[in-house]
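Visitor: The structure is given below, and queries will be raised subsequently.
The values are calculated or read from the model by the stated rules, or taken from the named source; none is laboratory data. Just so we're clear, the structure is a prediction, and the values are computed from it rather than from any experiment. Cβ: placed from backbone, ideal geometry, glycine included. Neighbour counts: every protein chain shown. The protein model used for the area step is the full one, side chains on, heavy atoms only, and it has no ligands, DNA or RNA in it. Shrake-Rupley method; radii C 1.70, N 1.55, O 1.52, S 1.80 Å.
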Amino acid sequence: MKKIGLLSDTHSYWDKRFEEYFANCDEIWHAGDMCDFAHAMRFREFKPFRAVCGNCDGGDLRHEFPEILRWKCEGVDVLMKHIGGYPGNYDRSVSRIIYANPPRLFISGHSHILRVKYDKTLGLLHINPGAAGLQGWQKVRTLVRFEIDNTEIKDLEVVELK
């Protein structure tokens, strides 16, 4: 079993509560728009870290982190891309991949809007953790924690950073 801390769109902002909320997590996943290499390395120094580049990420971040990341966590096939859309309206940059070989878990960011939705047609869970940074128009900053136990995604929890 793995405990996952998921966030997106931090835009170079480090909230000291990230360490508190992710203390019991085995890994941290970032769905893009870190915006600063040192910021990304701070996550990596804290916990095992996976991330994708967002549209605001450039330079060293683009060399270190891919635009699309796909891997197995426990028994779950995971696909992560910053701009990904939602079930029924996937972004064209990733829709071909999703429809040709659907993952079990699809993660995206970009919208700054928290959304968790199950795609019944493809049998996948989509999570957009919203935005954990200060930049943007969101009224509530959010992050997500959940567990992956073999092939089961469970105990999903939304944390609001007020």
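Visitor: Counting alpha carbon pairs within less than 8 Å and at least 6 residues apart, what relative contact order, in whole percent, applies to the chain?
Guide: Result for the chain is 25 percent.
Visitor: Among Trp137, Trp14, Trp29, which one shows the highest mean-square fluctuation when the chain is modelled as a Gaussian network with alpha-carbon springs under 10 Å?
Guide: For the chain, modelled as a Gaussian network with Cα springs under 10 Å, the answer is Trp137.
Visitor: Quick one: grab Rg to one decimal and Dmax as a whole number for the stretch 20-61, Cα atoms only, in Å.
Guide: 10.4, 31
Visitor: Given a 1.4 Å probe, how much area per residue of the chain is accessible, in Å²?
Guide: Counting only protein heavy atoms, the per-residue value for the chain is 48 Å².
Visitor: For the pair Val158 and Ala100, what calculated FRET efficiency results from E = 1/(1 + (r/R0)^6), where r is the Cβ-Cβ distance and R0 = 35 Å, to the nearest 0.05?
Guide: 0.70
Visitor: Express in nm, to one decimal, how much length is gained between Lys117 and Asp60 on full extension, taking 0.36 nm for each residue of separation and deducting their alpha carbon distance.
Guide: Result for the pair: 17.3 nm of gain on full extension.
Visitor: At 1.4 Å probe size, put Leu7, Leu122 in order of accessible surface, largest to smallest.
Guide: Order by accessible area, largest first: Leu122, Leu7.
Visitor: Here is a follow-up. Mind listing the phi-derived Karplus ³J(HN,Hα) values for the stretch 157-162, rounded to whole Hz, using 6.51, -1.76 and 1.60 with θ = phi - 60°, and x for any glycine or proline?
Guide: 9, 9, 10, 9, 9, 8
Visitor: Now for a different question. Go through the stretch 103-115 residue by residue and turn each phi into a ³J(HN,Hα) via Karplus (6.51, -1.76, 1.60, θ = phi - 60°); whole Hz please, and just put x for glycine and proline.
Guide: Values per residue, Gly and Pro as x: x, 7, 9, 10, 10, 9, x, 6, 6, 6, 10, 5, 7 Hz.
Visitor: Given a Förster radius of 25 Å and the C-beta distance between Lys72 and Asp15 as r, what FRET efficiency does 1/(1 + (r/R0)^6) yield to the nearest 0.05?
Guide: So the FRET efficiency works out to roughly 0.25.
Visitor: While we're here: Taking amide H positions as placed 1.01 Å from N in the peptide plane, with prolines and chain starts having none, which residues 5 or more places from Cys53, or on another chain, fall under 5 Å of its amide H?
Guide: Excluding prolines and chain starts, which carry no amide H, the hits are Glu67.
Visitor: Counting only residues 5 or more places away or on other chains, whose amide H sits under 5 Å from the amide H of Arg141 once H atoms are built in the peptide plane?
Guide: Answer set, sorted by chain and number: Leu161.
Visitor: In whole Hz and in residue order, list the ³J(HN,Hα) couplings for the stretch 95-100 that follow from phi through the Karplus curve 6.51 cos²θ - 1.76 cosθ + 1.60, θ = phi - 60°; x for Gly and Pro.
Guide: 4, 4, 5, 5, 6, 6
Visitor: Pull up all non-local amide H partners of Glu27: gap of 5 or more, or a different chain, and H-to-H distance under 5 Å with H placed in the peptide plane.
Guide: When sequence neighbours closer than 5 places are left aside, the close amide H contacts are Lys3, Gly5.
Visitor: Ignoring ligands, DNA and RNA, how do Asp91, Asp119 rank by accessible area with a 1.4 Å probe, largest first?
Guide: Largest accessible area first, the residues go Asp91, Asp119.
Visitor: Bin by bin, in steps of 5 Å, what percent of the Cα pairs in the stretch 1-134 do you find, going until the bin that has the longest distance?
Guide: Spelled out per bin, shortest first, that is 2, 11, 22, 25, 21, 13, 6, 1, 0.
Visitor: Related question: Take the solvent-accessible surface of the protein heavy atoms, probe 1.4 Å, and return the percent of it on the stretch 47-139 that carbon and sulfur atoms account for.
Guide: Heavy-atom surface of the stretch 47-139 belonging to carbon and sulfur, 1.4 Å probe: 49 percent.
Visitor: In whole Å, what is the distance between the alpha-carbon centres of the stretch 48-80 and the stretch 95-115?
Guide: Value for the Cα centre distance between the two parts: 13 Å.
Visitor: OK, next. Holding the Cα-Cα limit at 30 Å, pick out from Lys3/Lys162; Lys72/Lys162; Lys2/Lys162; Lys81/Lys162 the pairs that are longer than that.
Guide: As for pairs spanning more than 30 Å Cα to Cα, those are Lys72/Lys162.
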